[in-house]
Amino acid sequence: MRKFKEFIIEKLILICGLASILFVALIFLFLLKEGLAVFKTVSPFKFLFGKSWYPISEPPQLGILPLILGSLLVTAGAAIISIPIGVGCAIYIAEIAPLKVKEVLKAGIELLAAIPSVVLGFIGMVTLVPLVKSIFHLPTGLTALSGSIMLAFMAMPTIVSIAEDALYSVPKNYKEGAFALGATHWQTIWRVMLPAASSGILAAVMLGIGRVIGETMAVMMITGNAAAMPQSILAPVRTLTATIAAEMGEAVVGSEHYFALFAIGVVLFIMSFAINVTADLFLHKRQ
Amino acid sequence: MRRNWLFILAAFIFTASAFAAKDKNSIQIKGSDTMVNLGQAWAEKYMQDNPGSFVAVTGGGSGTGFSSLISGTCDIAMSSRNIKEREIALAKQKGVNPNEIKVGLDGLAVVVSPRNPVSKLTIEQLAGIFTGRISNWEEVGGKDEKIVILSREVNSGTHVYFKEHVLRKNDPDSKEEFAAGALMLSSSQAIADEVANNTAAIGYYGMGYVCARQKAILVAKDKNSEYIAPLIENVRSGKYPISRPLFLYTNGQPQGLISKFADFTLSKEGQDVVLATDFVPVK
């Protein structure tokens with residue numbers, strides 16, 4: 001009887017484990033099935049590298065290059081802002097901060113992760129957007145830069161907590177060895193700790209970026225959503241995610257527009273999948 | 001004992017609501033964001049006059065309204081544009097037969113900040129601005145400032161109407177599009193807010209949304225015509241060049257509660273509500 005119980009529980013857990021993979025596979029298959037249908041009307045090359053996105057015109061123009069570049073620009077901006085701050089914060093928490101400060105900082109960062117993105121977007125819309133407009137003397141503050149700054153806030157908690165974890169798990173004797181050789185604290189951090197934790201820190205950065213590229217609500221509210229080829233980070237952009245969110249209500253099921261939105265979903269899925277796999281590779285290299 | 005009473009009460013409420021659902025005492029209305037306020041005002045008035053019936057109104061855009069009517073998730077679609085050929089074909093495929101009821105008229109106001117010196121434009125100039133050919137306010141008599149174009153998202157009937165009637169000037173063969181650099185905002189309110197804070201911005205929406213924080217542009221059909229303000233009397237007389245009809249769409253000839261509601265919107269009372277929400281009555 002006990003063995004039987006054991007058997008049932010084991011199998012139940014196995015099913016739970018397999019279920020998540022099954023769901024991902026089903027979602028991807030559904031995305032592919034609906035998304036690939038768009039290539040009946042537009043060639044993959046024209047879809048990925050077309051420069052105009054006018055999905056409801058007759059005939060529709062379905063080029064998503066401006067959207068891809070918009071997503072990449074916002075993400076790159078967010079990475080440039082959040083990586084130095086995030087990694088610096090992780091070094092401070094892991095190496096320098098006294099215990100009490102450390103506890104407060106960690107709680108604060110967890111709190112930052114708990115702010116819903118729509119709230120961040122709203123705050124950005126009323127505070128950051130007018131600020132960006134007046135600082136750079138722009139015609140409008142709804143720009144890629146505003147989106148980048150807001151998204152940097154969202155990537156930071158992921159980067160800090162995973163990078164801090166990576167620094168923390170560097171064996172103690174590395175540090176002791178460096179000190180014994182007469183290295184200063186900074187030399188130890190820069191020459192010993194960071195290289196030893198580098199794969200974990202890279203994984204932290206990749207996961208932070210993965211969070212940014214999939215973010216929708218905040219970018220939709222503050223990047224202006226203009227589907228033009230982005231000229232600079234101070235111009236309005238339209239991201240892949242915002243396009244799906246803004247247009248899914250209109251798209252009639254079974255139309256080219258509908259299939260095109262699913263194809264955008266496939267592109268997004270591949271992008272974040274690639275990022276996650278890279279992060280995973282770095283993490284495994286460490287072990 | 002008290003607990004028992006609570007239980008009975010709960011059960012009663014449950015059965016009552018279950019019956020309500022069965023009797024089809026409720027209507028779902030969905031669609032044009034322009035018409036949400038109007039729909040809601042109708043619903044309130046109607047429910048006040050007919051206790052026991054329930055009318056729910058949500059927005060989302062005219063296209064959203066049609067796709068819900070086609071998929072059967074709403075009973076009436078509100079739309080600020082005619083249904084497209086493609087949508088009719090799709091509806092027929094799903095066994096839905098769209099039936100059009102014209103319930104009002106709406107003037108589209110073109111708005112700028114009150115601090116912008118430009119106060120009148122021709123349709124030709126508007127088309128130039130929104131397609132990106134005119135990119136500086138200086139070219140239409142304003143300050144030397146880059147024009148920031150604000151538009152609704154593509155799920156909006158207002159977007160489609162503006163494109164067809166202003167950018168393309170009713171020419172079905174025209175290929176004019178909004179400038180790629182146009183900012184797409186998700187609601188009329190977002191456009192109103194941005195226009196109020198930005199002297200270089202220009203946007204458009206139903207004239208019901210204009211308030212003191214925006215300035216409505218006077219519009220002329222061409223250079224030699226009179227510049228007309230988006231006011232109710234000018235829309236009704238047909239003098240204001242950018243006005244459009246507002247529709248309700250039902251599946252086939254409306255019946256029961258849906259038909260009663262549709263009749264109500266066209267009645268004297270219903271048309272008074274149209275006027276009270278800054279639209280123009282048809283009767």
Neighbour-limited loop hits for chymotrypsin sites (Phe, Trp or Tyr not before Pro), segment A:114-179 (at most 14 other Cβ within 10 Å; DSSP other than H, G, I, E, B) = A:F136
What is the Cα centroid distance between segment A:84-124 and segment A:245-272, reported in whole angstrom?
-> 35 Å
Partner chain Cβ atoms within 10 Å, averaged over the residues of B:144-156 - can you pull that number for me?
-> 4
Neighbour-count ranking [beta-carbon atoms within 10 angstrom, fewest first] of B:R236, B:R133 | B:R133, B:R236
Could you run the Karplus curve 6.51 cos²θ - 1.76 cosθ + 1.60 with θ = phi - 60° over segment B:59-70 and give me ³J(HN,Hα) per residue in whole Hz, x for Gly and Pro?
-> x, x, x, 4, x, 4, x, 5, 5, 6, 4, 5
Just rank A:M1, A:M221, fewest to most, by other beta-carbon atoms within 10 angstrom.
-> A:M1, A:M221
Amide H within-cut-off set for B:I27, under 5 Å, with H built and near neighbours excluded = B:F54, B:V55, B:A56
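On average, how many beta carbons from a partner chain sit within 10 Å of the beta carbon of a residue in A:217-228? Mind dumping the intermediate values first?
Working: counts 0, 0, 0, 4, 3, 0, 1, 8, 7, 11, 6, 6.
Average neighbour count from other chains, rounded to a whole number: 4.
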Relative to chain A, whose Cα atoms define the longest principal axis, helix A:65-91 and its Cα axis are tilted in degrees, nearest 10, by 10 degrees
The set of residues whose placed amide H lies less than 5 Å from the amide H of B:A179, leaving out same-chain residues fewer than 5 positions away, is B:T131, B:G132
Gap separating the Cα centres of segment B:160-212 and segment B:224-267, nearest whole Å = 20 Å
Mind giving me the FRET efficiency for B:K102 and A:Q61? R0 is 35 Å, r the Cβ-Cβ distance, nearest 0.05 is fine.
-> 0.60
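If you take every DSSP beta bridge whose two residues both sit in chain B, what share of them, in percent to the nearest 5, is antiparallel?
Roughly 60 percent of the DSSP beta bridges within chain B come out antiparallel.
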Sum -39500 (n - 2.57) across every DSSP H segment of at least 4 residues in chain A, then divide by the residue count to get the 222 nm mean residue ellipticity, nearest 500.
-> -22500 deg cm²/dmol
Reachable lysines from A:K33, Cα under 25 Å, same-chain residues fewer than 8 places away excluded?
-> A:K46, A:K51, B:K92, B:K94
Per-residue HN-Hα couplings for segment B:232-248, Karplus 6.51 cos²θ - 1.76 cosθ + 1.60 at θ = phi - 60°, whole Hz, x for Gly and Pro?
-> 4, 5, 6, 6, 5, 6, x, 6, 6, x, 10, 10, 9, x, 10, 10, 10
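Could you work out, residue by residue across A:50-56, how many beta carbons of other chains sit within 10 Å of that residue's beta carbon, and then give the average as an integer?
So the per-residue partner count for this stretch is 3.
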Set of lysines with alpha-carbon distance to A:K11 below 16 Å, sequence-local pairs under 8 removed = A:K3
For B:V110, which sequence-distant residues (separation of 5 or more, or a different chain) have an amide H within less than 5 Å of its own amide H, given hydrogens modelled in the peptide plane?
-> B:I217
Signed unit charges on C-beta, dipole axis of chain B, positive-most listed residue B:V274, B:I202, B:G128 | B:V274
Would you kindly derive the ³J(HN,Hα) couplings of segment A:188-204 from the backbone phi angles with the Karplus curve 6.51 cos²θ - 1.76 cosθ + 1.60 (θ = phi - 60°), listing them in order in whole Hz, with x for Gly and Pro?
-> 5, 5, 6, 8, 10, 5, 4, x, 5, 9, 4, 5, x, 5, 4, 4, 4
What residue among A:L202, A:L22, A:L138 shows peak mean-square fluctuation when chain A is described by a Gaussian network model with Cα springs under 10 Å?
-> A:L22
Under 18 Å Cα-Cα from B:K221, which lysines qualify once same-chain neighbours fewer than 8 residues away are excluded?
-> B:K120, B:K163, B:K169, B:K239
Okay, helix-only estimate at 222 nm for chain B: each DSSP H run of n ≥ 4 adds -39500 (n - 2.57), divide by all residues, round to 500 deg cm²/dmol; what do you get?
-> -11000 deg cm²/dmol
Between helix B:36-49 and chain B: long-axis angle, C-alpha atoms, 0 to 90°, nearest 10 | 30 degrees
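Since every read-out is calculated from the coordinates, none of them should be taken as a lab result. The structure presented is a predicted model; accordingly, all values stated were derived computationally and were not measured. All Cβ positions, glycine included, derive from the backbone under ideal geometry; neighbour counts span all protein chains shown.
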